[in-house]
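The values are calculated or read from the model by the stated rules, or taken from the named source; none is laboratory data. None of the values given here were measured: they were computed from a predicted structure. In this analysis, Cβ positions are derived from the backbone assuming ideal geometry, glycine residues included, and neighbour counts consider all displayed protein chains.
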Amino acid sequence: MPSSSPLLLDFQNITVTRGEKRVLRGFNLQVRAGEHIAILGPNGSGKSTLVKLMTCELYPHAGIKGARFRLFGLELWSLEDVRQRIGIVNLDLLQNLSHEVLARQVTAREMVLSGFFNSLGLWPHHRVTSAQERRARSLLRFLEISYLASRPLSAMSSGEQRRALIGRALVHDPEALILDEPTNSLDPGAVGEFRHVLRKLARAGKSLILVTHHLSDLIPEIERVILLKNGRIAADGPKAQILTSSALSKLFDTKLRVVRRKENYDLVSGR
């Protein structure tokens, strides 16, 4: 990624507290437009807090010397602007699918369209325009799930549900897509299909920010990897340099071995 590309995220000396716990401390991160990165870390490392910071569900402490919190090169922006320029597929959305959304028999078409209204599924008061319908049909084709347009999510596989959620996140044609643990609970076949979709998105020019603890989620287009531990960046650099057995063993506090097969990586027990 050329250093001349504009900064999408620019965080310097950021501190974030949740409850009484300081989760991110002296945190620095820069991501440029068009860049594809993966953020790896164990449970409790601060990954979910970082996702909420990037989508402005959480904000850093004010008044800290040297702190900088910019999105799209700006220090002031509207929340609506953030929602349109950064798409999100996170664990909260996935968990919500198992409750009222499935009970309402929301279809893939409705799920995608609901991205225009910041909801999960459509409600009677939503008025869908013809342009929005065209956008939804285009995304269903791109994600290769046009056949699911009228099918309720309750009758879909987990992998199909994830693709419908990606469509919802893409309705505003965002500059970046954040995926938080996107393959949790998917079987190996569904993971393969999901990787195929991510590669299409990367080739379409979307910045991908993949937050995970599964090395198998990393598609070849992701060139930069960030290791997150205890609210701090433990390592940040090219994938081939960062994804070593020693670095990952230290990150997860157990002996691990990185296995590389051509452009794909996986992690197995080193014992």
I'd like the full set of residues that are in contact (Cβ under 8 Å) with a residue 60 or more places away in the chain and either touching a Phe, Trp or Tyr at 6+ places or on another chain (Cβ under 6 Å) or under 21 Å from Asp180 (Cβ atoms) (or both), limited to the range 249-271.
Leu251, Phe252
Select from the range 112-159 the residues that are modelled with pLDDT of 95 or more, surrounded by 16 or more Cβ atoms within 10 Å (Cβ to Cβ) and of a type in the set (Ser, Thr, Tyr) and list them in ascending order.
Ser114
Flagged in the range 36-49 as within 13 Å of Asn90 (Cβ to Cβ) and over 11 Å from the mean Cα position of the chain (by Cα), in numbering order, are Thr49
Please note which strands (runs of 3 or more DSSP E) are completely contained in the range 153-247 and include at least 1 residues that are β-branched (Val, Ile, Thr) and within 29 Å of Leu102 (Cα to Cα).
176-180, 207-212
Among the residues of the range 215-265, which ones are over 29 Å from Lys21 (Cβ atoms), loosely packed, with under 15 Cβ neighbours inside 10 Å and acidic (Asp, Glu)?
Glu221, Glu263
Name the single residue that is surrounded by the most Cβ atoms within 10 Å (Cβ to Cβ) among those in the range 160-192 being more than 19 Å from Leu91 (Cα to Cα) and of a type in the set (Asp, Glu).
Glu175
Wholly within the range 1-110, helices (runs of 4 or more DSSP H) carrying at least 2 residues that are surrounded by fewer than 17 Cβ atoms within 10 Å (Cβ to Cβ) and free of Cβ contacts under 8 Å to residues at least 40 places away in the same chain:
79-85, 91-96
Among the residues of the range 204-215, is there at least one that is modelled with pLDDT of 90 or more and over 26 Å from Gly115 (Cα atoms)?
yes
All positions within the range 76-108 that are under 25 Å from Gly26 (Cα atoms) and more than 22 Å from the chain's Cα centre (by Cα)
Leu76
By residue number, the members of the range 31-86 that are in contact with a Ser or Thr (Cβ under 6 Å, 6 or more places away or on another chain) and among the basic types (Lys, Arg) are Arg32
Given (1) of a type outside the set (D, E, K, R); (2) within 23 Å of Ile86 (Cβ to Cβ); (3) surrounded by 20 or more Cβ atoms within 10 Å (Cβ to Cβ), where does Thr212 come up short, assuming only one miss?
(3)
